[in-house]
Every structure is written in structure tokens, then in C-alpha cells.
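Notes follow once the structure below has been shown.
The values are calculated or read from the model by the stated rules, or taken from the named source; none is laboratory data. Just so it is clear, the structure is predicted and the values come from calculations on it, not from any experiment. Cβ sites come from the backbone with ideal geometry, for glycine too, and all protein chains shown count toward neighbours. For accessibility, only protein heavy atoms count, side chains too; no ligands or nucleic acids. Shrake-Rupley method; radii C 1.70, N 1.55, O 1.52, S 1.80 Å.
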Amino acid sequence: MEAYFIYFLTLAAIFAIGTMAYNVSAGYTGLFTLAQAGLLGVGAYTYALLTINLHWTFVTALAAALVVPAIANGILAYASKKIRGDAFAILTLWFGFVVVTLFLNWRGATRGALGLNGIPRPEFLDDTFLFLLFAVLLTALSYIVLRRIVSSPFGRALGAVRDDEVAAVALGKDVTRLRVTSAVVNGVFAGLAGALLAMFLGYINPTLFDITLLVQFIGYMVVGGLGSLEGSILGTVLLLAVREAIRFVPLDPELVGAIREIIFASILGLVILYRPRGLIGKVELE
Amino acid sequence: MQNQPSSPPAKKGGAGVWFLILVLVVAGLIYWNQQKGGEDNVVPTNTETKTEIPGGVLKLGVIMPLSGDAAIYGDNELKGVQIAVSEINAAGGVDGAQIELVVEDGKCNPEGGAAAGNKLVNVDMVKFIIGGACSGETLGFTTLTGENQVLSISPSATSPAITDAGAYVFRTAPSDALAGSIAANYAFTDLGAKTAAIIYETTDYAQGLEKTFKDTFTALGGEVVIDEGFATGDKDFTAQVLKTKNKMPDVVYVVPQSPATGILVIKQLKSTNVTSALLTAEVLASDTVLADNEVFLDGLTVIEPFYDQTAAKAAAFLASYKAENADPEFPFFAASAYSDVYLLAEAIEAVGYDTTKGAAYLTGLKNWSGALGTISFDANGDVLTSYAIKKADGGVYDQVKVVTP
Amino acid sequence: MDIYLQIAWNSLTIAALIAMMAASFTLIYSVTRVVHVAHGGVVLASGYFFYFGWTHGFGFVGAAALAVILAAILGVAINALVYEPLRRRRPLTGTAGMLASVAALIVIQNLLLAVWSSHTIVLHTPLERVASWAVGPLVVTPVSVLILSVAIPVFVFCALLMRFTKVGRAMRAVSDHEEMAEVVGINSKRIRMMSFAFFSAIGGLAGVLAALFYNLQPPYAVGFAVDAFSTAIVGGIGSLGGTVVAAIFINTLTNLGGFWMTAGIKTLFAFVVVFLFLLLRPQGIFGKKRR
């Protein structure tokens, strides 16, 4: 039974990193990107490909997994200079599709839909409990780093950009540079989450990173609350717990999938309607 | 915008609180981990006597996609499992123990399979699992099940990677590696095709077939002139179809993941007047699918694992299935799942509730007879089977040939 | 050369279908300011309603009518249950509405899954026994003719409606400036309801055609939503003409790219088309530079 919780907590820790990263972009900067699942995918595949195909070491592969999604997200954010709002959302959504398509079709490297098996993790992490500690420590570390970032003058500038872009420009803020930087931050931690996921599962394939995962992240972030890193952690743990709890309810197997999704969507919908700040968010979803 | 950094003291205190919380959490986890001690899910192998089924109830885990694109596989296979379970229970169960199913949604992806496996192994303490239906979800849990010596049989996971997935992993669906090359051989040798087009879905199953078909066909001396994939959920195949028409190859090998998609591709091929011979794998091989779509599928040649639907056990199973449900889209996979339950039941009755002995029993099991026909397993837990080549003619599939690799 | 003609014809047919979904989506946005992605769910649901009618003896036209009416009702229901309550709490600009719509889309898709199961439903109507016609080098299927002969009048009708009828003008008034419209006595809430009813019906019509052209499976809901949204953005959200042009543009380019290079990565071409396009003209083809 304990092993079950270890698994659950590890997954929650890893996803929480991804949610916090997402919040930096969407909650703190107001840049509503739909690329989050794709970013994790890039991080995961970067780590997996480098360790399996090119035999890079754990540390260097992990470092690469942080860099690549950061660059990608930075470029996307740069596009927000000209492409705004809904159009930007569509662009980032398609980025996610392209990432999956790339993994599916670049079979020489990624083995396409077959996925990558036997993703290595450093030996000292072979024990599941140690891996859990590792994940939790990384989550804590991410939290601390991100917390410092968003509480700094830079973070306050992000808030200014989110709340009133015109005013921010008037005050001399380089809005695009701020957005790009926050996107890079998002990318780094999303990459971390992706690499950890790859290490944890040991096997990844393109379908892991499709639109379903994106919707999960949106849920974790919005329910936890925008503009709150603590909220992101809380939202992730809570919604994952709900998903697991549903397993224990005796439901007709034919309906359980649909019911689970409807419950998730209802929670999201209710939060948006009646508590747009989420559980402990600081920013209202508008 | 108002002020100067009011925060240093508060921030330091804030960070301090969080650090303290972290230390407590980590300490708590370590303490809890020490406490849990030796509760494991590994049943020690007893070489002398037969291990009893705990509690007189045989808990059987099932991991299938119950949601998402692949839910139809999970649906068919789960029904096959349920029919087998009710039959066995009605006949007295396994060694007197009734079978109780614990079903989890694998979602046809590695994370879903891992989470489902995690619950079944660590919470429900099952030792035997039927699943997954998809290779992705199967590979998601085989590491965990291997570590815990949990035995799994998959009715439909065809990825070649599963051959090496572990000593406790079995499957009654043949590896992709074979069907594609049999199709290529048939096209080149029997149909005399020199050029071929492959239109395939980008899934592990179909990509595997595309690769083996292409490799074999080229090795035989043929030329694959068109090799086009399409994404799951694509509905418009204009580009693939028109490229094919442009080249007019001798044969077109269509590999969809689901019947409806396959029907769409063929519909679009035929309505553009592509006259090449059409070849496909088992997805479109069901008689029901053919009967419903006679207009489009006439003349189609299918290559599927040899499965005699008229044989007594097969026919009986199909009848039971149809009595309660709509016709199965994938009768082979449904029968495969059905047989898996019987295989496990037999193994447990023979060697007891012991997965190590069970794995040994299954490995090298030869000529077992069930709804799938005669099954043998090889040393890797893969099933050895023949293939049937059938052609659609007047609304029915006529068997043309049986190939035993 | 012949093959390009065929590509053009096929692209045109699909574009017409997508344009119907996208146009109805964009016009809903225009009047109500909601990014109603759940529209994809309404479109698909309509296909299922059509299937229901068809298999319960409604006849072809009867089933289509049933589907369209139910789609309209569904659209109005979503508005009443999700968007209107949301409006009461805040002015309904971007993200909240869109996310609430995403939630609604998920609910619809899974309700369809629960009721009709994951089995893909292939519709069999007498239409499939009608052979294709050869028009010169072109192969023309009956369904493609049906789609075009429905889509074109629909677009014309919408354009005329928006321009010349009282309701249409009221819609445009609400679209341009809601407060002013209220001042001159237009009941904007009623206009919104009517927009949802009418444009969901159009989406429903597209759904019926899609069911005939393709088949029915729950995951299509998201696909339709993404197509509609993307096409609307490229066309200039709120613009009917832009959507039609965008649909033809994206579809043809994607198919050509697939034909010349490899079709499996059509997604990549679509992305490049959308990306470059938005980079060069972020407001869309006929979009106005809004706030």
C-alpha cells in the first residue's frame, strides 16, 4: 500500500513543478500559453534521446532537458510581440501538436509511436523511495527558486505587464523581454518536470504529451489558483488525488473513463464560474 | 508600484517557514518509510506444495483503455474477459475460488498504464493481470510488475519491445514483426506486385507493420513508391490518396488502427478511382465490419492471425458475446482476452497461486486449445501463430491461404 | 495537372465543411465575445443526433432537421448554464470564457462517449450507393456535392441575415458596442440567445454533413473545435468572409504540402501556415485590429 502512495506522491511532485512553471507564464505574466504539455514533452524526449541514443550522462542530459524547452518557449513568447491573445493561444496549441507529430514521425531517433524504453536513471535513484525524496527535493528547490523570481522586482514587473500592459509600457518596461524571460523560466522548469517524468516512468511515447495532458495542467493551475505557486502545488496534489480516489469507487468500467473526465471538467468549470481565484490564488482568471 | 522592498524581514521569515515545512515533510517521509517495513507484494515461491488462493477469491487485475481513442479495444477485450469470468465462475471457479475482476483504465499511454499497474499491484495486491490492450500502456507497467513478480498476459499488445519486457509478461497477439512481412511476401510472390504504396496510421502497431512490410518488400526486389503516414484522428486523406493515384502502384497496403479509419481511407481511395489491389492487416478483418461496409470493402485482402471463427470454442464464444452486446469490432482481440482468462485459470489450477511457477508453466506451453484456436508460447512469452489471408467477395471473407512462419 | 484539379476540389469540399463550423463559431464570438470552443462538441453531438434520428425511422431529412434543432437547443443551453452566469460576475473577456468552454467541451464529449460508447459509428445511407461522377479528369463524389450545395447557400444566407434583417443588424449592434445597443433598446441577452440558437444550428448542419462524410467518434469533438478556432483566428475572428477564405487557404496549402513532401506531417504544414500567416497579419485576413 505504501508503494502506491510513493508512486502517487512522486507523480504529484513532478507535475507540481510543471504546474508552477505554467503559473509563472500564465498566472504571473498573463501570457496564456497552451504549449505546456509540449514543453514537458520536449524536456522528456531531450533527456531520453540523449541518454539512450547518445549515451550522455545524467547531469548533462538533464541540463540539456532544461535548455531546449526554454529556448523553444522563449521563441514562442517572442512571437507574442506581434501575435496576441487568442491568436497566441492557437499558436502555442499548434506548437504542442507539432511536438507530438515530430516525435511520432522522427522514427529514426524517437522510434515513433513505439516510444522510448529503458530510460536510465542514476543508480542511486533506483529505489522508489529515494526517487520520491529526490522528486520532492527538486519540487521544493523549484518552489524556492521560482518564489524568489516572482517576488523580485522582475516578478513585480511581470505583474505589471499582466495587469495593465499599457501602463507597463508607459513606465518604460520592455514588455516583450519580460514575457520572453518568463517564458524561458517556464521552459526550464517544464523541461525539468519532463525529464523527471521520463526518468520516473522509464518509458515514454508521444501520446503522453497530447492535448489531454495540457488540459490536466490547465486544471491543476486554475483550481490551485493563478498567481500562486503554493496554489499550483495544492491544485496538482488535489486533482491527482481526486483522480486516484475515483479508482476506488465501484463504477461500471464502461462509464468510469467518461465519469472521471466529466468530474474533472465540472470541477474546473465550477472553479472558473464561482471561484475564479482558485483555491488560494492571488489573481483572478478573467 | 508603491514602494521599496518592504519585505526582507517578512520574506526571510516566509522562506524560513517553508524550509521548516520541507524538513518536516522529508523527515516524515523517512520515518514513514522505516515504519512500513517488509510489507511486500512478493509471494515466496514454494517448490513443494501448491500455494492456495488467498481468501478463496481469485483477484484478477485488468488494465485496458477505458477512455480516449483506444477505448474501443478496451471495450471489446473487457467484454471478452467478463464472459470468460462468468463462465468459469458458473462452473465453480478456479480451484473452487470465484474470480473477482479489478479493472483499471490504462488510457493507452505509459503514464496511464503505470498508474493503473501501481494501484493493482500495490493496493489491490493482485498477482495476475490481463492487459494492457495497447503496447504503450503495457510497457508502462511491465517494469513494476516484473519487480513484483506479477504475471501479465496481453490480448493485443503487438509492439516488438514486449518480447523482451520480462519473464512474467506474456501475450496472445503476435508481434508486429511478422504480419507485415507476410503481407509483403504475399503481395510480391502471390500477387506479382512490383510496386507498392503503404498508407499507415502513426501508432506503434501500424508503424511496426509499415516497417516490416517495407523491409521485406524491398528485400524481395519490390519498390515501395509511396510511404505515407497519417495521424490518429485525421479524416482527410486527400494528399495520401492522390499521391497514390499519381503513381498507380500494383498494391496498396493500408494499415489503420481502427476499422472506421480504415473504411475512410479505402472509401477515399476508391472514390478517386485508385484501382490497385488493396491489402490490409487484421483491423478490418471482422465479418461484421465487412457486412456493414460491403460496398467499399469488396475486393479487399486481409491478413490476420489465423483464427477459425467456426471452430466450436470460437463460435461458442462469439455467440455468447453477441448475445449480450453489439457485434465485436475486433473479434480476434475479444477472443484473445477471453482465452487469456482461461489460460491463467488453467495455469493456476495446474501449479497453484504462484506466478513464478505460472510463468514457467506458460512459457513453452504448446498446443493449448481455446477460442483462439491452438496456441503455443515461445521462450519469450510471445504467441506462435499462423496467419490467414482472406479476400472480401460478395460480402464475405473467403480464405485464400494459411501461412505458418 | 489533373491531380492538382482533384486536390483543389477535395480541398474545397473539406474547406466548405470546416468553414461552416468556423463561421458559426466566429459569428458567435462576434456577437457574444465568447471563445465558444464547446461548439466543436455541439457540431459532433449533432452528428450523433442525426444518427439517432436516422436509426429511429426519421428519414433522411427528418433526422437532419432533428439534429439541427437539438444542436440549437444544446448551444442555447450551454450559454444559459455556463456563459450567462459567468457574465454576471465579470465582463466576459478572453480566458475565463474560453476555459469554461473547454470544460463544457470535455463534458459534452464524455457524455457522448457514455451514451453512444466508444464504438465508431459509420453511417450508412443510400447516399453511399450513388456512384461518383467523372467531370472531365475530376472525380466528384455525391457527398462533396452535398456539402458544397449546402455550405454555399448557408454562407450567403448568413451574410444576408447579418446585413439586411432586423435581427442581424441587432446582432451587429451588440457585436460592435453592447452598451450602446442596450441604450437604443436592444435586449442584448435575447440577442445572444438567438445567436447561440441560430449559429449552433448551422454548426449542427455541419455536424450532419461531417457524419456523412466521415463517421462518428467522441474524440472528433476536440478536432472540430481546434479546426474551427484555428480557421477563425486566421480568417480574422468575427469575420464571416475571412473564415471562408482562411479555410480554403489553410486546407489547400496543407494538402499541397502533404502532396509534395510527406502527408504524415500535415500538422507541421498547418502550423507553419498558421504561424507565418499570423506573423505577417496577426489580425487575420479580414480581421479588424481590435483592442
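Worth pointing out:
- Counted as qualifying within segment A:1-114 are the helices (runs of 4 or more DSSP H) with 1 or more residues that are open to solvent by 30 Å² or more (accessible area, probe 1.4 Å) and in contact with a Gly (Cβ under 8 Å, 6 or more places away or on another chain), namely A:36-52, A:58-79, A:85-105.
- Per the conditions (1) buried (at least 22 other Cβ atoms within 10 Å of the Cβ); (2) part of a helix (DSSP H, G or I); (3) among the small types (Gly, Ala, Ser), the sole criterion not satisfied by C:Gly284 is (2).
- Enumeration of residues in segment B:259-276 that are open to solvent by less than 20 Å² (accessible area, probe 1.4 Å), touching a strand residue (DSSP E or B) at 6+ places or on another chain (Cβ under 7 Å) and either within 7 Å of chain C (Cβ to nearest Cβ) or charged (D, E, K, R) (or both): B:Thr272
- Test: A:Leu138 is within 26 Å of A:Leu213 (Cα to Cα), within 11 Å of chain B (Cβ to nearest Cβ) and touching a residue at least 60 places away in the same chain (Cβ under 8 Å): no
- Complete set of residues in segment C:259-281 that are within 11 Å of chain B (Cβ to nearest Cβ), farther than 13 Å from A:Asn105 by Cβ and either open to solvent by 30 Å² or more (accessible area, probe 1.4 Å) or not hydrophobic (A, V, I, L, M, F, W, C) (or both): C:Trp260
- One residue from B:Ala173, B:Ala187 being more than 30 Å from C:Ile14 (Cβ to Cβ) and either out of contact with any Pro (no Cβ under 7 Å at 6 or more places or on another chain) or among the hydroxyl-bearing types (Ser, Thr, Tyr) (or both): B:Ala187
- Residue within segment B:59-70 that is in contact with a Leu (Cβ under 6 Å, 6 or more places away or on another chain), touching a residue at least 40 places away in the same chain (Cβ under 8 Å), assigned to a loop (DSSP other than H, G, I, E, B) and more than 12 Å from chain A (Cβ to nearest Cβ) present: no
- Screening B:Asp234 against (1) within 14 Å of chain C (Cβ to nearest Cβ); (2) crowded, with 23+ Cβ neighbours inside 10 Å leaves a single unmet condition, (2).
- The criterion of at least 1 residues that are modelled with pLDDT of 85 or more and among the acidic types (Asp, Glu) is met, among strands (runs of 3 or more DSSP E) falling completely within segment B:332-405, by B:387-393, B:396-403.
- Some residue of segment B:338-360 being within 18 Å of B:Ile83 (Cβ to Cβ), β-branched (Val, Ile, Thr) and either outside the structural domain of B:Leu78 (by TED's automatic domain parsing) or surrounded by 22 or more Cβ atoms within 10 Å (Cβ to Cβ) (or both): yes
- Any chance C:Leu12 is more than 21 Å from C:Lys189 (Cβ to Cβ), under 16 Å from the mean Cα position of the chain (by Cα) and either assigned to a helix (DSSP H, G or I) or of a type in the set (Lys, Arg) (or both): yes
- Any hit, segment C:233-245, residues being open to solvent by less than 10 Å² (accessible area, probe 1.4 Å), out of contact with any Gly (no Cβ under 7 Å at 6 or more places or on another chain) and assigned to a helix (DSSP H, G or I): no
- Test set (1) within 21 Å of the chain's Cα centre (by Cα); (2) more than 10 Å from chain B (Cβ to nearest Cβ); (3) open to solvent by 20 Å² or more (accessible area, probe 1.4 Å) - A:Ser151 fails condition number: (2)
- Beta carbons closer than 7 Å, at least 6 apart along the sequence or on distinct chains, pair a first residue in segment C:144-158 that is surrounded by 14 or more Cβ atoms within 10 Å (Cβ to Cβ) with a second that is hydroxyl-bearing (Ser, Thr, Tyr) for C:Ser144/C:Thr13; C:Ile147/C:Thr13; C:Leu148/C:Thr13.
- Residue within segment B:124-142 that is assigned by TED's automatic domain parsing to the domain that holds B:Gly358, touching a helix residue (DSSP H, G or I) at 6+ places or on another chain (Cβ under 6 Å) and surrounded by fewer than 24 Cβ atoms within 10 Å (Cβ to Cβ) present: no
- Test: residue in segment B:250-258 that is hydroxyl-bearing (Ser, Thr, Tyr), open to solvent by less than 20 Å² (accessible area, probe 1.4 Å) and away from every other protein chain (no Cβ under 11 Å): yes
- Note on segment C:132-147: among residues that are under 16 Å from B:Gln268 (Cβ atoms) and in a loop (DSSP other than H, G, I, E, B), the one that is modelled with the lowest pLDDT is C:Ser132.
- Screening A:Phe95 against (1) under 30 Å from A:Thr176 (Cβ atoms); (2) over 20 Å from the mean Cα position of the chain (by Cα); (3) not small (Gly, Ala, Ser) leaves a single unmet condition, (2).
- Looking across segment B:169-219, the residues that are of a type in the set (Asp, Glu) and surrounded by fewer than 24 Cβ atoms within 10 Å (Cβ to Cβ) come down to B:Asp190, B:Asp215.
- Number of positions in segment A:197-215 that are open to solvent by 10 Å² or more (accessible area, probe 1.4 Å), in contact (Cβ under 8 Å) with a residue 60 or more places away in the chain and out of contact with any Gly (no Cβ under 9 Å at 6 or more places or on another chain): 1
- Meets criteria (touching a helix residue (DSSP H, G or I) at 6+ places or on another chain (Cβ under 7 Å) and either at pLDDT 95 or above or of a type in the set (Ser, Thr, Tyr) (or both)) for B:Ile63: yes
- Screening segment B:361-400 for residues that are closer than 24 Å to B:Ser181 by Cα and among the hydroxyl-bearing types (Ser, Thr, Tyr) and picking the one that is surrounded by the most Cβ atoms within 10 Å (Cβ to Cβ) gives B:Tyr397.
- Test for B:Asp215: is it more than 15 Å from B:Thr280 (Cβ to Cβ), within 14 Å of another protein chain (Cβ to nearest Cβ) and within 23 Å of the chain's Cα centre (by Cα): no
- If you go through segment B:74-122 and pick out every residue that is in contact with a Gly (Cβ under 7 Å, 6 or more places away or on another chain) and either of a type in the set (Val, Ile, Thr) or without any contact (Cβ under 8 Å) to a residue 24 or more places away in the chain (or both), you end up with 2.
- In segment B:166-176 there is no residue matching the filter, namely being acidic (Asp, Glu) and in contact with a strand residue (DSSP E or B) (Cβ under 8 Å, 6 or more places away or on another chain).
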